[in-house]
């Protein structure tokens, strides 16, 4: 097939995609009632449009890196298309989070419009009518699947990318989408959040909120399993996996936010800023969010444990003492074990964070106040939910894909990424190895790093890359034209060594003469 | 403050920039880095990706602009026209002179031209400088068909660039295979086939006879040594490069093809040095050429001279040869010595090729001792550190094959072909 037929076939699939989108929005007008065939036709044409376009985009080309025109294309280089998609996505998120009634959601009575359009699917999966969150979950999962297929075609030469993408598609479809829905169908009486056991604090920041804890405690064996699994994830499974494989085991293999970034966001990964100033901003922001969610969670637990209906049998005092001991031990272990690996500003931040958290716990314990620092846990959590959960991770995180890149939330906001990243930086076998002296400073690795890491600045010095923010997507290694970068796990010692100059020069041997 | 005349480095490519950076690590002496081409250091090898839209030009600059100020390295964009070694001054095109304490020439290369009729026409160029890239971009809308002359690394890069923008590319190669001067037959054949697969009109055993122009002086076609006429709106001349030293030919600096230097990278004049593409070793390192115009040797010369200029006189001693390239989708790495036509009593060669995929591994080893001499690898990434050590120790090819997985650098989950490769080798050499 020559270039021109391929072009017209691609236009055909673009039109199909648009038809799917219009069908989806149709029930918002009064022109049609939400009918099953419209839903089916919409989801089908959307999927066929994206997958067909991708297939004809790449089918004529040999397997390999497909970045021609990325920085001249209007969509991927912040042109008119990029801005338009950004505005549309942002508008969608604002509607979803703050004006769901515009989508047809009704808090009382049956929903209408776009939300009602998803009723048949919702009935099929969980036996109940759709909510705006079901609509969102369906579209979110569909996006990961169809753009996942696109990614698989694009990177069909790389087994690492194929397996990793298969993994994010599997976890999104199976664990995040289908499983909770099907469990609802099987156990309609147990609360939803008793069944959501891919849950992991602090990404799922509501894990320790009273309603969520009660959901799990009241959810029978399933709920207790979810609670146990959640706690095990935080304190046992995650540290072990992060030690062995780096934070990538979660961020680019399992996580739903990561899944969307790696698939639908792939066209925008190159838009992340690599400036040193932005790196500084990133380190401040993400750790401030981490402190915020930690304090919010402590406040929530404090008030929960103080309520007369506390079902756990753990008193506030026992909890506070345990938390103080836990944080003190953790801080001491890091300080005495890894202090030398941290720069002055990181040490300062570490001690600062420790003092704030332990200090507030102590004040709380001795004052016995009902609220953390006089602010009600309800207020704190409301602000976190609005500012971080909705505005940051949703509106800014995904809405701004075409403007700021695909991992804005993961890089600047995700408290989970902060924790995993900190461990990855100080106690993990993971690193990106630089291949001796082969780097030619071309800049492809840095340009395509979705996390904004200036990969080249390490590679050209012959130094390995050990960075908190690296999610291990492996694209730097793919786009490197000289085979310089390899993601791998190995001994923790000497990971971060910095040679005086890259491998290849023997001049030292002559110095001795 | 240090008021002594600065170290002047002419040329801010990888050699000059490495020198400046490495000196700054050890010394506070004033450094002036002069370039006619661009105020900031950029990766020349990455220019192709700018044309292809993989990168913007800014991406090819490894350091943000505040880096230079922070490290107190003064930059100057200006053409240097000559120098006076007695007065220790360099001359700028504007007529100014600048005093130097030490002077380092790191002025790189220029594309070769062989006096082809029509080579001065519009839409005819070599590809080397940033200005060449800008020129190509400006001509690009006029180009539907392009002819590239010269079967080496820049030629295939230019072919890939033009092809990525939808231009029809005809690639003239004088020899019977692409990059014949460097690659053994089967290695080159793999690339010939890959070039054709990408839809490039590869014409082997074909030389450029002349370039035809229209009445306005635009290139509009070429005539080949076979008498064929090929219509085109652009001719890329990529038949190698030579040291960029024409402006120094009348000076007292000893030059041959390049600026002649001893092993300490010193020229015949006091306080004057030369590094990178423009330097020619009077006594080349054993087994190496006197001019090696590649990124890595430029970097190593910069590292070495920095020691000398910081009071530790150090001879240029590169380790085992290594290089890499990417030919469309095929990655290539080479380590040590792999001759294109080995002498039977000095170098034995053996290769393994995947029946379908673009993977080929060629081992060079001593015919008697089987000591590993070098490796060419297509489609398998090789771990530099391991190969470097193997080549410096007396590792046999058998030991290398046995431990081959340790020497690979492919991404995780990539298929390991060692069992097949080792079995094939044993089959051939076990008796």
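Anything in the stretch B:323-332 that is farther than 16 Å from residue B:297 by Cβ and either free of Cβ contacts under 8 Å to residues at least 24 places away in the same chain or in contact with a strand residue (DSSP E or B) (Cβ under 9 Å, 6 or more places away or on another chain) (or both)? List them, or say none. Break it down stepwise before answering.
We begin by selecting, within the stretch B:323-332, every residue farther than 16 Å from residue B:297 by Cβ; these are B:326-332.
Residues satisfying the conditions are B:326, B:327, B:330, B:331, B:332.
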>> Name the residue that is farthest from residue B:131 (Cα to Cα), counting only residues in the stretch B:46-60 that are crowded, with 22+ Cβ neighbours inside 10 Å and facing chain A (nearest Cβ under 7 Å).
In response: B:54
> Hey, among B:107, B:169, which residue is touching a helix residue (DSSP H, G or I) at 6+ places or on another chain (Cβ under 9 Å), buried (at least 22 other Cβ atoms within 10 Å of the Cβ) and more than 26 Å from residue B:359 (Cα to Cα)?
Replying inline: B:107
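Kindly evaluate residue A:106 against the criterion of being within 14 Å of chain B (Cβ to nearest Cβ) and either over 18 Å from the mean Cα position of the chain (by Cα) or farther than 15 Å from residue A:264 by Cβ (or both). If you could, list the steps in order and put the result at the bottom.
Working: within 14 Å of chain B (Cβ to nearest Cβ): no; either over 18 Å from the mean Cα position of the chain (by Cα) or farther than 15 Å from residue A:264 by Cβ (or both): yes.
Answer is no for this residue.
Can you work out which of the residues in the stretch A:420-455 that are closer than 21 Å to residue B:380 by Cβ and part of a helix (DSSP H, G or I) is farthest from the other protein chains (Cβ to nearest Cβ)? Before you say what the answer is, go through the steps one by one.
Going residue by residue through the stretch A:420-455, those that are closer than 21 Å to residue B:380 by Cβ are A:432-440, A:442, A:444-445.
The next check asks that each one be part of a helix (DSSP H, G or I); those that pass are A:444-445.
Numbers: A:444: 6, A:445: 10 Å.
For the stretch A:420-455, the residue satisfying everything is A:445.
Being within 14 Å of another protein chain (Cβ to nearest Cβ), over 30 Å from residue A:269 (Cβ atoms) and either in contact with a helix residue (DSSP H, G or I) (Cβ under 9 Å, 6 or more places away or on another chain) or at pLDDT 95 or above (or both) is the requirement here; does residue B:88 meet it? Don't jump to the end; show me each part of the working.
Working: within 14 Å of another protein chain (Cβ to nearest Cβ): no; over 30 Å from residue A:269 (Cβ atoms): yes; either in contact with a helix residue (DSSP H, G or I) (Cβ under 9 Å, 6 or more places away or on another chain) or at pLDDT 95 or above (or both): yes.
Judged against the criteria, residue B:88 is not a match.
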> Considering only residues of the stretch B:61-77 that are buried (at least 17 other Cβ atoms within 10 Å of the Cβ) and touching a strand residue (DSSP E or B) at 6+ places or on another chain (Cβ under 6 Å), which is nearest to the other protein chains (Cβ to nearest Cβ)?
Replying inline: B:68
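Do we have residue B:304 as within 14 Å of chain A (Cβ to nearest Cβ), without any contact (Cβ under 8 Å) to a residue 60 or more places away in the chain and either more than 22 Å from the chain's Cα centre (by Cα) or at positive phi (or both) here? Let's see the steps before the verdict.
On the way: within 14 Å of chain A (Cβ to nearest Cβ): yes; without any contact (Cβ under 8 Å) to a residue 60 or more places away in the chain: yes; either more than 22 Å from the chain's Cα centre (by Cα) or at positive phi (or both): no.
So residue B:304 fails the test.
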> Any residue at all in the stretch A:251-263 that is in contact with a strand residue (DSSP E or B) (Cβ under 6 Å, 6 or more places away or on another chain) and not in a helix (DSSP H, G or I)?
Replying inline: no
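Within the stretch B:134-155, track down each residue that is closer than 30 Å to residue B:340 by Cβ and outside any loop (DSSP other than H, G, I, E, B). First the steps, then the outcome.
Filtering the stretch B:134-155 for residues closer than 30 Å to residue B:340 by Cβ gives B:146-155.
Those that are closer than 30 Å to residue B:340 by Cβ and outside any loop (DSSP other than H, G, I, E, B): B:146, B:147, B:148, B:149, B:153, B:154, B:155.
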>> Which condition from (1) surrounded by fewer than 19 Cβ atoms within 10 Å (Cβ to Cβ); (2) touching a helix residue (DSSP H, G or I) at 6+ places or on another chain (Cβ under 6 Å); (3) over 30 Å from residue B:167 (Cβ atoms) is the one that residue A:104 breaks?
In response: (1)
> Which members of the stretch A:456-512 meet the condition of being in contact with a strand residue (DSSP E or B) (Cβ under 6 Å, 6 or more places away or on another chain), more than 7 Å from every other protein chain (Cβ to nearest Cβ) and not in a loop (DSSP other than H, G, I, E, B)?
Replying inline: A:458, A:459, A:465, A:476, A:485, A:489
> Restricting the search to the stretch A:311-354, which residues are surrounded by 14 or more Cβ atoms within 10 Å (Cβ to Cβ) and outside any helix (DSSP H, G or I)?
Replying inline: A:342
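Quick test for you: out of A:130, A:91, pick the one residue that is closer than 18 Å to residue A:25 by Cβ and not in a helix (DSSP H, G or I). Before you say what the answer is, go through the steps one by one.
Values: A:91 fails: not in a helix (DSSP H, G or I).
The conditions single out A:130.
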>> If I filter the stretch B:119-127 for residues that are out of contact with any strand residue (DSSP E or B) (no Cβ under 9 Å at 6 or more places or on another chain) and buried (at least 16 other Cβ atoms within 10 Å of the Cβ), do I get at least one hit?
In response: no
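Return the residues of the stretch B:361-385 that are away from chain A (no Cβ under 14 Å) and either within 22 Å of residue A:434 (Cα to Cα) or in a strand (DSSP E or B) (or both); say none if nothing qualifies. Can you show your working first?
Residues of the stretch B:361-385 away from chain A (no Cβ under 14 Å): B:362-374.
The answer is B:362, B:363, B:364, B:365, B:371, B:372, B:373, B:374.
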> Since residue B:280 meets every condition but one in (1) modelled with pLDDT of 95 or more; (2) at negative phi; (3) surrounded by fewer than 20 Cβ atoms within 10 Å (Cβ to Cβ), which condition does it not meet?
Replying inline: (3)
>> Pairs needed: first member in the stretch A:15-32, outside any helix (DSSP H, G or I); second member anywhere, at pLDDT 90 or above; C-beta distance under 7 Å; at least 6 residues apart or different chains.
In response: A:32/A:38
>> Among the residues that make up the stretch B:178-190, is at least one of them part of a helix (DSSP H, G or I), surrounded by fewer than 18 Cβ atoms within 10 Å (Cβ to Cβ), in contact (Cβ under 8 Å) with a residue 40 or more places away in the chain and more than 14 Å from chain A (Cβ to nearest Cβ)?
In response: yes
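The values are calculated or read from the model by the stated rules, or taken from the named source; none is laboratory data. Fair warning: this is a prediction, and the values are worked out from it, not measured in the lab. Here the Cβ is made from the backbone with ideal geometry for all residues, glycine too, and neighbour counts use every protein chain on show.
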